[in-house]
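Inspection log for the structure reproduced underneath, given as structure tokens.
Please treat every number below as a calculation from the coordinates, not as lab data. Values in this document were obtained by computation on a predicted structure and should not be read as measured data. In this analysis, Cβ positions are derived from the backbone assuming ideal geometry, glycine residues included, and neighbour counts consider all displayed protein chains.
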Amino acid sequence: MERVRIILKSGKDQSVRRYHPWIFSGAIKKIYGNPAEGDIVNVFDNKETFLGTGHYQPGSIAVRILSFEEVDPDIDFFRNRIEEALKYRKSIGLVDNPSTNVFRIVHAEGDNLPGLIADYYDGVIVMQMHSVGMYRLRKDIAAIFPELMGMKVKAVFDKSEATIPYMSGVKGVNEFLFGDSGPVIVSENGYKFKVDWNTGQKTGFFIDQRENRRLLGSFSAGRNVLNLFGYTGGFSVYAMKDALLVHTVDSSAQAIELADENIKLNYGDDQRHKSFRVDAFDFLNDIKGIYDLIVVDPPAFAKHNSALANALQGYKRLNIKAIEQVKPGGIIFTFSCSQVVTRENFRKSVFAAAANTGRKVRILYQLSQPADHPVNIYHPESEYLKGLVLYVE
Ligand code: SAH
């Protein structure tokens, strides 16, 4: 069958020529053919010069480019890309690491595989498809992992029920496509965490904070630590190494249960840890003088550009409270995981928060996502996690 041809408006080829993998619907001049969602299409400039091949998806991002060369994105194409992603992770010491058996194996555009996320949990791979094109390939892609990794893969689970684009006619499902497994206990920098992809958020665990959690661990000695938006208690487990006390706050009962379970896995009935199922904004109202290390890691406040202004206000409000409440000489780890909030914008809202309190604030570290969540240099949007470590006099 003849592949559908998409012609861009004059000038709209510029970003594609610089290898940006998204074609927005507004950039399209004409579509020759009638593509179904998930179809492979070819994209051309105004003069009908070939630009790239990708997956078509009705919506704001109309095409996710898979290749800027004229290739057939068959299963060998995807196997090569996944092999490349795996090779890269081996080269940075993430595969076969005795103290860390949890890592992201495919990071969508960051690994030149737009629409595909895959996380590795000690033998169980959990995939999430963010486009119908990838979803259609899910069985073939699931088969590639055991093929490439052999015995290191016991099961592949597809958790795409909630990630297929909203308007799409396709209904994603959650199911094993290879093997089978119950929840697993993984090891991250030697700490144990229970991962349950069925009940957990996203693929089950926020792997992206691994390096930042480790840094937090190095600050926790002798401090009273507050972990806001704690989810699985990731930061709490690292802080418990040598903090005086650690309090985990989350509004979800399930999250609190999981955080308690993870503390128990690592420290038994250690009374230094307590958890609170409350709203983090409320909790911050009345804690002056208790904590000298506060973690602020909220969910994405903005999923779309339209919500940007509100999100920035949200970060400001939250950080005003944290900066006001932390003890003199205290430390704050503050984060934003909203893709639409740039590093610059996030820093500005934390700056505005600090100015509002009038306290002296220094930036000790500027944090990001770890190397298994690589940023495609042509796709700045793949850099989504931003963090600041603040010292408050
Ligand atoms: N810090 C975590 C990830 C946080 S995810 C980690 O390292 O893994 C965001 C968490 O914030 C979720 O668990 C969610 O239940 C919680 N949450 C969302 N809104 C909240 C609110 N207003 N108050 C407290 N917790 C909230």
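Longest span of the chain, sites excluded, free of chymotrypsin sites (Phe, Trp or Tyr not before Pro) in DSSP loop with at most 16 other C-beta atoms within 10 Å? Between the exposed loop sites, the longest stretch runs 167-377.
If the Kirkwood radius is taken over C-alpha pairs of the stretch 137-246, then at 37 °C and 0.692 mPa s the Stokes-Einstein diffusion coefficient equals 201 µm²/s. Mind checking which of ALA27, ALA108, ALA354 has the largest fluctuation in a GNM of the chain, springs on alpha carbons under 10 Å? The residue with the greatest mean-square fluctuation here is ALA27. Here, the chain is characterised by an Rg to Rh ratio of 1.00, where Rg is the alpha-carbon radius of gyration and Rh the Kirkwood radius. Please report how far the C-alpha centroid of the stretch 1-52 lies from that of the stretch 376-390, rounded to the nearest whole angstrom. So the separation of the two Cα centres works out to 27 Å. With the cut-off at 16 Å, report for the stretch 165-214 the share of all Cα pairs above it, as a whole percent. Roughly 56 percent, rounded to a whole number.
Of all DSSP bridge pairs formed entirely within the chain, close to 65 percent run antiparallel. Residue-normalised convex hull volume from the C-alpha trace of the stretch 16-66: 71 Å³ per residue. Dividing the convex hull volume of the alpha-carbon atoms in the stretch 1-85 by its residue count gives 97 Å³ per residue.
For the stretch 1-72, applying the loop criterion from DSSP together with a ceiling of 14 other beta carbons within 10 Å to the GluC sites (Glu not before Pro) yields GLU2, GLU48, GLU69, GLU70.
Does the stretch 271-357 come out rounded, prolate or oblate by the C-alpha gyration tensor, with a ≥ b ≥ c the root eigenvalues, rounded set by a/c under 1.5 and, if not, prolate when a/b is larger than b/c and oblate if not? Taking the square roots of the gyration eigenvalues as a ≥ b ≥ c, the stretch 271-357 is prolate. For the stretch 1-155, evaluate the Debye formula with one uniform point scatterer on each Cα (no solvent term) and list log10 I(q)/I(0) at q = 0.14, 0.17, 0.19 Å⁻¹, rounded to two decimals. The calculated log intensity ratios at q = 0.14, 0.17, 0.19 Å⁻¹ are -0.70, -0.93, -1.09.
Projected label points at MET149 and ASN189, each 7 Å from Cα along the beta carbon direction, are separated by 2.2 nanometres. Rounded to whole numbers, the Karplus 3J(HN,Hα) couplings from phi for the stretch 16-21 are 5, 5, 9, 6, 6, x Hz, using 6.51 cos²θ - 1.76 cosθ + 1.60 with θ = phi - 60°, and x at Gly and Pro.
Would you look at the GNM of the chain, springs on alpha carbons closer than 10 Å, and say which of GLY133, GLY169, GLY234 moves the most? Residue with maximal mean-square fluctuation among GLY133, GLY169, GLY234: GLY169.
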